[in-house]
1. Roughly how big is the stretch 41-97's charge dipole about its Cα centre, with Cβ charges of +1 (Lys, Arg) and -1 (Asp, Glu), in debye to the nearest 20?
2. For the chain, what's the relative contact order in percent, using C-alpha pairs closer than 8 Å and at least 6 residues apart?
3. Using Stokes-Einstein with the Kirkwood hydrodynamic radius over Cα pairs, what translational diffusion coefficient do you get for the stretch 21-69 at 10 °C and a viscosity of 1.306 mPa s, in µm²/s rounded to a whole number?
4. As I understand it, the dipole of the chain uses +1 on the Cβ of Lys and Arg and -1 on the Cβ of Asp and Glu, about the Cα centre. Which of M305, P369, P42 lies farthest toward its positive end?
5. Only counting other Cβ atoms within 10 Å, I'd like R48, R119 sorted with the fewest neighbours first.
6. Would you mind telling me the antiparallel percentage of the DSSP bridges in the chain, rounded to 5?
7. Mind ordering 38-46, 70-78, 235-243, 266-274 by average Cβ neighbours within 10 Å, highest first?
8. Apply 1/(1 + (r/R0)^6) to the Cβ-Cβ distance of A215 and A242, taking R0 = 25 Å, and write down the FRET efficiency to the nearest 0.05.
Amino acid sequence: MTNMTGMWLYNLNIVLPDGMIERGALRIAGEWIAEIHDTAAPQGMAGRLVDGAGLTLIPGLIDMHGDMIEQELEPRPGVQLPIPVAIAELDKRLAACGVTTAYAGISFWEPQSARYRQRSAARARELTAAIHVLRDELLVDLRVHARYEVSTPVVRPALQEALDAGDVHLLSLMDHTPGQGQYRDLQRHEAMIAQFFGSDNAAPPPLDNDEMQLARWRSAGDLVDRARSRGVTIASHDDDTAAKVALMAAMGVTLSEFPVTMEAAETARRLSMTVAMGAPNALRGSSHSGNLSALDALQAGYVDMLAADYAPAAMLHAVGTIIDAGLLPLHIAINLVSAGPAAALGLHDRGRIAVGQRADFALIDNRRPMRVHGTIRNGTPIYWDATLAGR
């Protein structure tokens, strides 16, 4: 016999993994999805009722790469906020964007510029430990995406300590040396440096030769093994060549994050790696660095997921751009920010609206621009605006 109590979301469109229900209903029991109906208001509903008239229910968004913690820690150059305050404010920001699971990008790096003062081994270790302590108090499921800069191996002890403590949930390998990766175009890189720091700092640092770069990547092999033994997913960042992707795959990397060329994206797909592109790139239709367009990669069939990168609001709006461009229907486009990252990161209990899955949702207005009116995580509302307050 059907148990009709619990929390009901009814009279709303429901996005399923393989299609949509127009004017359906869903029951939440505790933290889980208990029932899904293709009728707007099943008879005998009891408990907490939420009328979703005019709204669409989608899975809670899952962001595997967000650099926003740095913005919260240092909203202006030289202005430092306390770490717990920054984490709490980012948490609220994510919830309001419909995000229910997020991986905070934390850089283990030692850059020379004061602009990147948040990116150091000491600061990264401090942040990973703080997130571990605060996780149970947050609205969203906030996890750690440790970003290892292979050109500064001095940070390895701090990263290894974080891995051994269980504070890391995703590890990416990156190299921001100009002349390869994200900064293949030296003229564009020099212009960007000039824009950020002034013309006196426009000249890029000397380049390493190809063999030195490959040696740096190979040197991370034991770190990759250490992370994999702890169940941590490994990504490579800004892949630019087929050779680089092949090396990463041979090392056990399973996720190609933000490939900068079509060649790299195609190779990653051929080697059964998951491909992630930036949601701001998809929303704008181009990369701000002049690299591979997410929309072009999507049209070629090489994109499995979109990540916030530096703008969590871009995730949902990028879905709208993809739909309006005729590239994908709503239910498949939504998978790019829900089921896709869930599968790549081993989160088998979320990312889809199906009986037995976690009750992680966003209630959205599907008009343009899309707007989040409510977010539910583990069956509990964590963001509820004026539209839903009276329902």
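Read the figures in this text as sums done on the coordinates, not as results from a lab. Please read these numbers as outputs of a predicted model, since none were measured by experiment. All Cβ positions, even for glycine, are placed from backbone atoms using ideal geometry, and neighbour counts span all protein chains on display.
1. 260 debye
2. On the way: 843 pairs, mean separation 75.0, N = 391.
Relative contact order here is 19 percent.
3. Answer from the Stokes-Einstein relation: 121 µm²/s.
4. P42
5. With the fewest neighbours first, R48, R119 line up as R48, R119.
6. So the antiparallel bridges amount to about 45 percent of the total.
7. Working: 38-46: 12.7, 70-78: 14.3, 235-243: 22.6, 266-274: 19.3.
Highest-to-lowest ranking by the protection proxy: 235-243, 266-274, 70-78, 38-46.
8. Efficiency at R0 = 25 Å is approximately 0.85.
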